Amino acid sequence: MKIGVPAETKPGETRVAATPETVKKLAGAHDVVVQSGAGLAASVTDDAYVAAGARIGSAAEALGAELVLKVRAPVAEELALMQPGAALVGMLDPFDAEGMGALARRGLSAFALEAAPRITRAQSMDVLSSQANIAGYKAVMMAANAYQRFMPMLMTAAGTVKAARVLVMGVGVAGLQAIATAKRLGAVIEASDVRPPVKEQVESLGAKFIDVPFLTDEEREIAQGTGGYARPMPADWMRRQAELVHERARLADIVVTTALIPGRKAPTLIGEETVRAMKPGSVIVDMAIAQGGNCPLTEYGKTVVRHGVTIIGEPNLAALVAADASALYARNVLDFLKLVIDKDGRLAIDREDEIVRAVLVAQGGDVLRAA
């Protein structure tokens, strides 16, 4: 089978869907074509792909393959180069109804890896976790770079420097990595999340968990989340959380917000009033900006200063660590391919497999997953 690895074309996207490590495992049984320059932004040269057994070709050749491996969903110009009946694997944004329709109209069998179920067997294919892990790390590094003081406590001949206070809001994979990274840098950390089970994880990393008490059974039930994700909480609980967050953010030097709800606008966690109350020189990294942001003052793709607070709105943090992000993503893709390529090296889509069924968003001209 011919497998194509095109260069990503979306602005700011530096990752690549296959690395020499994964190409080497595919090239023995398949004709792997990598677009010239596809890995350069991730520090992978064409020569490295050739040494792993791939051929270097044009965008048309890579996109015209029977199986196309991408990071992001193809744009219209890329879709025009793809063959009806081909298979596409990538992070395709299954909540984008228009995008799903375009894939279906092209006649593709499209697999959106971010739709994989949160089950043990799918962990090695979990692109959201692998990329969020990197993003959580990079968020804290960017915050440390923007913060005009030290992160750890230092005792010097000129006096003692206090440790930075970091508040992490949303304790999924990204939030946990943000906590771990801030801890390594010597900060004092607090964390908040609607899901009570994460308290133990937060405390195991050396952070203090901010508890918002549940007053009703409904609040407790909703707080359990669905499939590892948070659900929208009742208005009264959100009000109580906002009051507590306001107080903790006012004392914080760095706030990292990660709260996302799949298919919905990101919830507002840090309002303008809270930003006004924060200390001059404080930093907010809004990791949810791709879905509207957790702070209304965040600007997409920009770093701005509002009321003396630096607010970072980088929408694709994982792409800023392109080499490792690509390496992890490519391994996720390789593990998924084991489910859809048979022992003879042919594409074999088993819709009875719960992982395949969950990520297959278009096939035979039909959209299989409603936004």
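The values are calculated or read from the model by the stated rules, or taken from the named source; none is laboratory data. Every value quoted in this text rests on a predicted model; they were computed, and no experiment measured them. With ideal geometry, Cβ positions are generated from the backbone for all residues, glycine too; neighbour counts draw on all protein chains shown.
See the values below:
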{"read-out": "Test result for residue 113, under 21 Å from residue 14 (Cα atoms), in contact with an Asp or Glu (Cβ under 7 Å, 6 or more places away or on another chain) and of a type outside the set (D, E, K, R)", "value": "no"}
{"read-out": "Any hit, the range 140-148, residues being touching a strand residue (DSSP E or B) at 6+ places or on another chain (Cβ under 9 Å), surrounded by 22 or more Cβ atoms within 10 Å (Cβ to Cβ) and either of a type in the set (Lys, Arg) or modelled with pLDDT of 95 or more (or both)", "value": "yes"}
{"read-out": "Single residue of the range 149-170 satisfying the filter (free of Cβ contacts under 8 Å to residues at least 60 places away in the same chain and surrounded by 17 or more Cβ atoms within 10 Å (Cβ to Cβ)) that is farthest from residue 127 (Cα to Cα)", "value": "163"}
{"read-out": "Residue match in the range 306-315 (condition: exposed (fewer than 15 other Cβ atoms within 10 Å of the Cβ) and over 21 Å from the mean Cα position of the chain (by Cα))", "value": "yes"}
{"read-out": "Single condition residue 29 does not satisfy, out of (1) assigned to a loop (DSSP other than H, G, I, E, B); (2) without any contact (Cβ under 8 Å) to a residue 60 or more places away in the chain; (3) within 22 Å of residue 347 (Cα to Cα); (4) of a type in the set (A, V, I, L, M, F, W, C)", "value": "(2)"}
{"read-out": "Within the range 32-43, considering residues that are without any contact (Cβ under 8 Å) to a residue 60 or more places away in the chain and in a loop (DSSP other than H, G, I, E, B), the one farthest from the chain's Cα centre (by Cα)", "value": "36"}
{"read-out": "Where residue 80 falls short, out of the listed (1) closer than 20 Å to residue 127 by Cβ; (2) surrounded by fewer than 16 Cβ atoms within 10 Å (Cβ to Cβ)", "value": "(1)"}
{"read-out": "Filter result (of a type in the set (A, V, I, L, M), in contact with a strand residue (DSSP E or B) (Cβ under 6 Å, 6 or more places away or on another chain) and touching a residue at least 24 places away in the same chain (Cβ under 8 Å)) within the range 361-371", "value": "361, 362"}
{"read-out": "Some residue of the range 41-50 being over 22 Å from residue 368 (Cβ atoms), in contact with a strand residue (DSSP E or B) (Cβ under 7 Å, 6 or more places away or on another chain) and buried (at least 22 other Cβ atoms within 10 Å of the Cβ)", "value": "yes"}
{"read-out": "Single residue of 20, 84, 6 found to be in contact with a strand residue (DSSP E or B) (Cβ under 7 Å, 6 or more places away or on another chain) and in contact (Cβ under 8 Å) with a residue 12 or more places away in the chain", "value": "6"}
{"read-out": "Condition check for residue 249: of a type in the set (Gly, Ala, Ser) and touching a residue at least 24 places away in the same chain (Cβ under 8 Å)", "value": "yes"}
